[in-house]
Amino acid sequence: MPQIQHPEDAIVRVTRSCICGSDLHLYHGMVPDTRVGMTFGHEFCGTVEQVGTEVRNLKPGDHVLVPFNIACGKCHFCQQGLFGNCHESNAQATAVGGIFGYSHTAGGYDGGQAQYVRVPYADVGPTVIPDWMDHDDAVLLTDVVPTGYQAAEMGGIQPGDTVVVFGAGPVGLMAARSAWLFGAGRVIVIDHVDYRLEFARVFGPAEVYNVREIDDMVVFLKKQTDSLGADVCIDAVGGDAAGNAIQTLLGTKLKLEAGNAIALHWAINSVKKGGIVSIVGVYGPTGNIVPIGNVVNKGITIRANQASVKRLLPRLIEHVKAGLINPKAMITHRVPLADIADAYHIFSAKLDGCIKPVLLPNGQ
Amino acid sequence: MLTTELVDTATIPGWGVDADPKNNPTYPIRHIEDQQTRGLTWDRPAIQVPDVEVLRSIEHNRLPAVVGTSTPPSGVSGAIRRYAFRRSESDWWHWLLLMGADRINVVEGVVQDVARGRLPNIPAEMGARAEWRHNKTGLARKVGTLIGVGAALYLALRREGGPAIPHTPDLADAARPAPPAPL
Ligand SMILES: [Zn+2]
Ligand SMILES: [Zn+2]
């Protein structure tokens with residue numbers, strides 16, 4: 001069991017945690033400084049067991065959802081609502097803030113795919129789950145819902161816009177769902193797995209197309225949009241993409257760039273001139289081969305960030321309450337923590353119709 | 001000529017005439033107007049004193065108030081990591097060294113397991129049971145490939161070392177130019 005190491009720490013007994021698409025980047029060895037013996041898992045909720053001397057807002061017994069960002073709430077960046085970019089939570093890097101269970105590049109904190117977790121800055125991130133809220137919804141509010149929502153928000157979607165989402169994983173699904181909330185007129189989802197596209201068609205709801213059936217993605221999307229391109233493209237894939245041999249060799253096999261950047265290529269090349277590309281897919285911190293010349297020539301705005309979960313939570317909790325979003329519908333698998341190796345494999349190999357697996361520490 | 005002196009903006013004609021925050025495309029995320037501080041001057045939280053070695057990016061001028069203590073650097077991979085942290089986050093080598101250290105760390109992990117008398121069950125750790133349940137053909141293909149590669153390796157090694165081959169072409173043979181092709 002972890003120990004309190006700072007007066008603002010809490011120890012949380014995990015009741016639910018998830019495996020996330022970005023855990024697969026760790027699992028596949030694409031994020032540097034993922035040390036042997038470290039516990040993964042940045043999406044979890046649980047019961048507060050113990051609190052440090054300076055914790056005011058939580059007490060033992062509270063059931064909380066814990067945002068994946070570790071944020072102090074006081075620094076230059078936290079003051080701007082950039083809780084994903086906190087300057088007081090990650091010793092090993094300045095570019096990214098601290099994240100639970102996400103390598104030492106994100107601070108070296110153990111994560112929630114465990115029975116207990118140390119939660120720093122317990123007064124800032126953790127949020128008591130409202131009585132009416134299903135805990136399956138709560139655990140998805142720790143990352144995938146805010147990340148998908150922020151992807152749409154960063155897209156600056158105007159009413160009637162055509163939005164293309166690359167990736168039909170949970171974040172892409174939420175981005176597609178959220179795009180409607182910002183007034184999109186058309187939402188297109190691209191992926192390489194049929195069952196995920198079928199899910200997106202219903203959940204989005206979205207027009208869906210399979211990468212494997214399309215010869216040239218950019219030409220295809222131009223044809224879909226009067227030869228102009230989409231108003232907004234969202235990269236919800238990151239470094240684990242499929243669909244391009246050179247990118248796979250350099251990024252995924254040789255690990256010389258930060259994963260396979262093909263989804264980002266497609267996003268940049270199929271957005272309208274003057275359009276916005278919003279990136280929430282995870283790329284490792286080494287170099288990337290990205291068509292920056294086209295970014296310049298097309299006058300594209302690129303916006304990207306880790307979601308600032310705490311900033312978005314109040315609005316998203318309202319949206320869940322109002323039934324505008326239904327996060328738990330994405331959960332397809334419930335697995336005892338003891339069977340985590342199998343859960344990772346099913347999720348990673350995209351077997352058994354898996355969209356989102358939830359891990360149950362006590363087996364029920 | 002390089003200078004370390006700051007320019008006095010009051011001496012610049014027209015300074016700031018177009019600086020309407022409403023025109024800044026990064027709004028409303030930044031909210032500069034209600035920020036308390038513009039530099040490293042916020043009220044710091046209490047400072048955690050780590051009881052293990054924590055590597056620090058050279059882009060930080062001080063350790064953050066709270067640090068992770070999951071898995072301190074150790075062994076050969078730890079030495080490489082310490083060395084990598086002498087370079088900045090914008091240096092490709094910093095990250096490549098860390099990636100290399102990760103690969104070495106995996107071997108260290110297996111060695112440590114074995115030293116503790118625990119044989120790692122790699123198929124189980126990689127989810128072989130799930131593969132068996134949900135992707136039998138895939139599993140069969142992988143096992144088949146593995147057996148095939150194994151058999152090929154075995155044959156190649158046997159042929160190389162064994163007496164069955166009467167003549168092994170030597171370097172001189174390889175260097176000799178091939179006879180010209182008939183016209
Ligand atoms: Zn996640
Ligand atoms: Zn902060």
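Numerical summary
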{"item": "Expected 222 nm ellipticity per residue - DSSP helices of 4 or more, -39500 (n - 2.57), all of chain A, to 500", "result": "-7000 deg cm²/dmol"}
{"item": "Residues with amide H under 5 Å from that of A:Arg334, placed H, sequence gap 5 or more", "result": "A:Val358"}
{"item": "Whether the range A:257-364 is rounded, prolate or oblate, judged on the alpha carbon gyration tensor where a/c under 1.5 counts as rounded", "result": "oblate"}
{"item": "Nearest 10 degrees, 0 to 90: helix A:194-203 Cα axis against chain A principal axis", "result": "80"}
{"item": "Distant-in-sequence amide H partners of A:Cys86 (H built 1.01 Å from N, under 5 Å)", "result": "A:Gly97, A:Gly98"}
{"item": "For A:Lys350, distant residues with modelled amide H under 5 Å away", "result": "none"}
{"item": "Folded to 0 to 90 degrees: helix A:144-154 orientation relative to chain A principal axis, Cα", "result": "50"}
{"item": "Ranked list, fewest to most other Cβ atoms within 10 Å of each Cβ, for B:Thr11, A:Thr47, A:Thr105, B:Thr71", "result": "B:Thr11, A:Thr47, B:Thr71, A:Thr105"}
{"item": "Table column - 3J(HN,Hα) (Hz), the range A:34-49, Karplus curve with 6.51, -1.76, 1.60, x for Gly and Pro", "result": "8, 7, 5, x, 7, 9, 7, x, 10, 10, 7, 9, x, 9, 5, 9"}
{"item": "Rounded, prolate or oblate (a/c below 1.5 giving rounded, otherwise prolate when a/b exceeds b/c) for the range A:1-93 by Cα gyration tensor", "result": "oblate"}
{"item": "Size of electric dipole in the protein assembly as shown: Cβ of Lys, Arg +1 and of Asp, Glu -1, about Cα centre, debye, nearest 20", "result": "860"}
{"item": "Folded to 0 to 90 degrees: helix A:309-321 orientation relative to chain A principal axis, Cα", "result": "80"}
{"item": "Under Karplus coefficients 6.51, -1.76 and 1.60, residue-wise ³J(HN,Hα) of the range B:49-62 in Hz, glycine/proline x", "result": "9, x, 9, 10, 5, 10, 6, 10, 4, 6, 7, 8, 8, 7"}
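Throughout, read-outs are computed from the coordinates displayed, never taken from laboratory work. Keep in mind the model is a prediction, meaning the values are calculated, not measured. Ideal geometry is used to build each Cβ from the backbone, glycine not excepted, and the neighbour counts take in all protein chains shown.
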